[in-house]
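Novice: One structure is given below, represented as structure tokens, and several questions about it will come after.
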Amino acid sequence: MKYKDYYAILGIARSASADEVKAAYRKLARKYHPDVSKEKDAEARFKEVAEAWSTLKDADKRAAYDQLGRHAEGEDIRPPPDWSRHFGAGDGAAAGFDDLDLSDLFAAFGGGAARGGRAAGHTPRKGSDYEAAVEISFDQAFHGAELELDFGVLEYDEEGTARRVPHPVRVRIPRGVTDGQTLRVPGRGGKGLRSGAPGDLYLDLRVRAHPRFRADGQDLYIDLPLAPWEAVLGTSVELPTPAGKVMLKVPAGTRAGQRLRLAGRGIARADAAAGDLYASVQIVVPTHASERERELWRELAGGSGFDPRADLGQGGNS
Amino acid sequence: MTPETVDALWLDQSGVYSLAELAAMSGLAEDLLRELVGYGALAPVESAAPAWTFGASCVVVARRAQRLRVDFDIDTHALAVLLGFVERIDALEAELRALRARLPR
């Protein structure tokens, strides 16, 4: 595995006190945490800093890490022969280290899980929870979908030896999920130890934008462009909805900006009433008019008493 | 071999959980959860009831609290304050999304 210099990442000396380690971490966490950072590679930097902190803040892990010796950043290393047994990170068979990251080694520590057979041991341990970000299309969110997910996870056996294994999950996403929602998949997290129950899987959903429909919770919005005569005289238009086309009656005298409501044609979900679809009216004019059309418009202008700027007034009191 | 298909469950709306379940799902200790309720950062369905129950939206808040606590290494009081600000950010983002949905393209 590749060596990472945790002290260098935190910008501290190898002899730094626990307080100095903590202060260094807090400063860098504030600087690089994606929720508050303005730095351009914040997420990657934060991950690095957090990994360094989680190893160096614990006295046992820090001692174990120091025992790996000093190496160049990125150098390929293997823990010394006795390392695993001494620090109880499992059997330490050489083959196991190739596909692990440095951080995987230390993740096994703590909580009584490691330390080999000396682990206090027969109580079952619930598996860890996993969290994954999942992106789905508008259609998948609207209708529901069955997804096949597969991500690599760390699993620990009885002795605490870590292995990277694939973790395939087939999930049924219920219909009507919205962007930013969290779903829980019970029992599909990490394996439990000693017959402990498995952990859960949490899915952070992102729903891709649709080219035409905009979602606001369970309500949907779609732009409805109308020609001026359609808005004045009223008309019937064919409107797309996620569930198919419908005919919408546009009343005479419809104004720009009005929202025509199609009840129940928004996003539906099993445990709540369906939202509505709103057709958001825009009056659009042709950019080019033939001479004949311009003649007609001039006639209309001359024959109409309509004043669109009546409310703007001439200034001063009447 | 892929295991059989399982249903993903709603988290934000329905479902009620005990304090112990909330602790298990968030990774926060029960004592810490009690403190957060005391600070007003988490609201049980009925605070006067002898055994608290929490709506599923509390699971989202509790999980976020755990992440913030670990990421920023902060004490409970600061955490409660931080959760309040995050709630405001969530509300603002929701309002933005709603307004953007109504704007024509």
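Novice: Could you list all residues from the range B:72-103 that are loosely packed, with under 14 Cβ neighbours inside 10 Å, assigned to a helix (DSSP H, G or I) and not charged (D, E, K, R)?
Specialist: B:His77, B:Ala78, B:Val81, B:Gly84, B:Phe85, B:Ile89, B:Ala91, B:Leu92, B:Ala94, B:Leu96, B:Leu99
Novice: Against the conditions (1) over 30 Å from A:Tyr130 (Cβ atoms); (2) assigned to a strand (DSSP E or B), where does A:Leu203 fall short? Just the number, please.
Specialist: Every listed condition holds for A:Leu203 apart from (1).
Novice: Could you please tell me which pairs satisfy a Cβ distance under 7 Å, a separation of 6+ or placement on different chains, a first residue in the range B:83-102 that is more than 8 Å from chain A (Cβ to nearest Cβ), and a second residue that is in a helix (DSSP H, G or I) and among the β-branched types (Val, Ile, Thr)?
Specialist: Sorted first by the residue in the range B:83-102, then by its partner, the pairs are B:Leu83/B:Val61.
Novice: Also, quick follow-up: Tally the residues that are of a type in the set (A, V, I, L, M), within 12 Å of chain B (Cβ to nearest Cβ) and open to solvent by 50 Å² or more (accessible area, probe 1.4 Å), restricting the search to the range A:219-265.
Specialist: Total satisfying the criteria: 1.
Novice: Restricting to the range A:21-35, give me the number of residues that are of a type outside the set (Lys, Arg), within 8 Å of chain B (Cβ to nearest Cβ) and over 21 Å from the mean Cα position of the chain (by Cα).
Specialist: The number of residues fulfilling the criteria is 1.
Novice: Can you pull out every residue in the range B:39-55 that is under 13 Å from B:Leu19 (Cβ atoms), loosely packed, with under 15 Cβ neighbours inside 10 Å and under 15 Å from the mean Cα position of the chain (by Cα)?
Specialist: Selection gives B:Val45 alone.
Novice: Do any residues in the range A:43-66 that are touching a residue at least 24 places away in the same chain (Cβ under 8 Å) and surrounded by 14 or more Cβ atoms within 10 Å (Cβ to Cβ) have Cβ atoms under 8 Å from those of residues that are among the basic types (Lys, Arg) and assigned to a helix (DSSP H, G or I), where the two are at least six apart or on different chains, and which pairs are they?
Specialist: A:Ser54/A:Lys61; A:Thr55/A:Lys61; A:Thr55/A:Arg62; A:Leu56/A:Arg62; A:Lys57/A:Lys22
Novice: Mind counting the residues in the range A:179-218 that are open to solvent by less than 40 Å² (accessible area, probe 1.4 Å) and among the polar types (S, T, N, Q)?
Specialist: Selection size over the range A:179-218: 2.
Novice: Keeping to the range A:165-178, report how many residues are at pLDDT 90 or above and either open to solvent by 50 Å² or more (accessible area, probe 1.4 Å) or assigned to a loop (DSSP other than H, G, I, E, B) (or both).
Specialist: 6
Novice: Against the condition away from every other protein chain (no Cβ under 14 Å) and either in a loop (DSSP other than H, G, I, E, B) or open to solvent by 40 Å² or more (accessible area, probe 1.4 Å) (or both), how does B:Glu35 come out, does it pass?
Specialist: Judged against the criteria, B:Glu35 is a match.
Novice: Among the candidates B:Arg63, B:Arg69, single out the residue that is touching a helix residue (DSSP H, G or I) at 6+ places or on another chain (Cβ under 7 Å), open to solvent by 60 Å² or more (accessible area, probe 1.4 Å) and within 12 Å of chain A (Cβ to nearest Cβ).
Specialist: Just a single option satisfies the conditions, and that option is B:Arg69.
The values are calculated or read from the model by the stated rules, or taken from the named source; none is laboratory data. Not measured: the values here are computed from a predicted model. With ideal geometry, Cβ positions are generated from the backbone for all residues, glycine too; neighbour counts draw on all protein chains shown. Quick note on the areas: whole protein, heavy atoms, side chains included, nothing else; ligands and nucleic acids left out. Shrake-Rupley method; radii C 1.70, N 1.55, O 1.52, S 1.80 Å.
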